[in-house]
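The block underneath contains the structure these notes are about, expressed in structure tokens.
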2 protein chains.
Amino acid sequence: MILAKIHVTLKASVLDPQGEAVGKSLHALGYDEVQEVRVGKFIEVKVDTADFSMAKERVREMCEKLLANTVIEKYSFELAEVAE
Amino acid sequence: MILAKIHVTLKASVLDPQGEAVGKSLHALGYDEVQEVRVGKFIEVKVDTADFSMAKERVREMCEKLLANTVIEKYSFELAEVAE
């Protein structure tokens, strides 16, 4: 079994209203040192295979087709062997 | 400047309907090897300080007070020095 840990984040050039809202809330709570907040997704996908090179290609496809909107988001992932 | 990379995920005992929906969509696309999907948040917070031990404590507080709902979510984070 392989676990893919996928990060999907907005591209740097894309405005992040959710991150801005969180930043404002942190300021309101007194965290004045906060400069910038960006909010993205962290997706864990467990795949039933032991073939890392195939898993890498399939997970890349999943990101391209469904998990990320590549017009405004970028993604990265790492794979790790896990117990069943 | 320190960048905190924060992962907020549902506790293992908590149902994840969003993850289930993504899993079903992946199956519908033909990714039958997908066993389980969990969806969490990935939050990047840039803080204007060079003091790592203070940043660690302040970011922990931010997670407890605002970024995570500790009843159903757990969080972890790492800190890294970044250019201004």
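Values as computed for the structure displayed
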item	result
Ranking by accessible area, most exposed first, for B:L79, A:L26, B:L15 with a 1.4 Å probe	B:L15, B:L79, A:L26
The range A:2-81: relative contact order as a whole-number percent, Cα under 8 Å and 6+ apart	53 percent
15 Å beta-carbon shell around A:Y31, net charge (K/R +1, D/E -1)	-4
Where labels lie 7 Å past Cα in the beta-carbon direction, separation of B:V82 and A:K11 in nm	1.8 nm
Teacher prompt: B:E81 distances to equivalent labels in other copies, 7 Å Cα→Cβ, nm	3.6
Candidates A:D51, A:D32, A:D16: whichever shows maximal mean-square fluctuation once chain A is modelled as a Gaussian network with Cα springs under 10 Å	A:D32
Binned Cα-Cα distance frequencies in the protein assembly as shown - 5 Å width, integer %	2, 8, 16, 19, 18, 15, 11, 7, 3, 1
Chain A, closest residue to the rotation axis toward B, by beta-carbon, whole angstrom	A:F42, 2
Estimated [θ] at 222 nm from DSSP helical runs (n ≥ 4, -39500 (n - 2.57)) normalised by residues in chain A, nearest 500	-8500 deg cm²/dmol
Exam field: B:T70 pseudo-label spacings to other copies (7 Å along Cα-Cβ), nanometres	4.1
Label point 7 Å beyond Cα along the C-beta direction, distances from A:E57 to other copies (nm, shortest first)	5.3
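The values are calculated or read from the model by the stated rules, or taken from the named source; none is laboratory data. The structure displayed is predicted, hence computed values, not measured ones. Neighbour counts run over all protein chains shown; Cβ positions are idealised from the backbone, glycine included. Accessible surface is based on the protein model in full, side chains and every heavy atom, while ligands, DNA and RNA are left aside. Shrake-Rupley method; radii C 1.70, N 1.55, O 1.52, S 1.80 Å.
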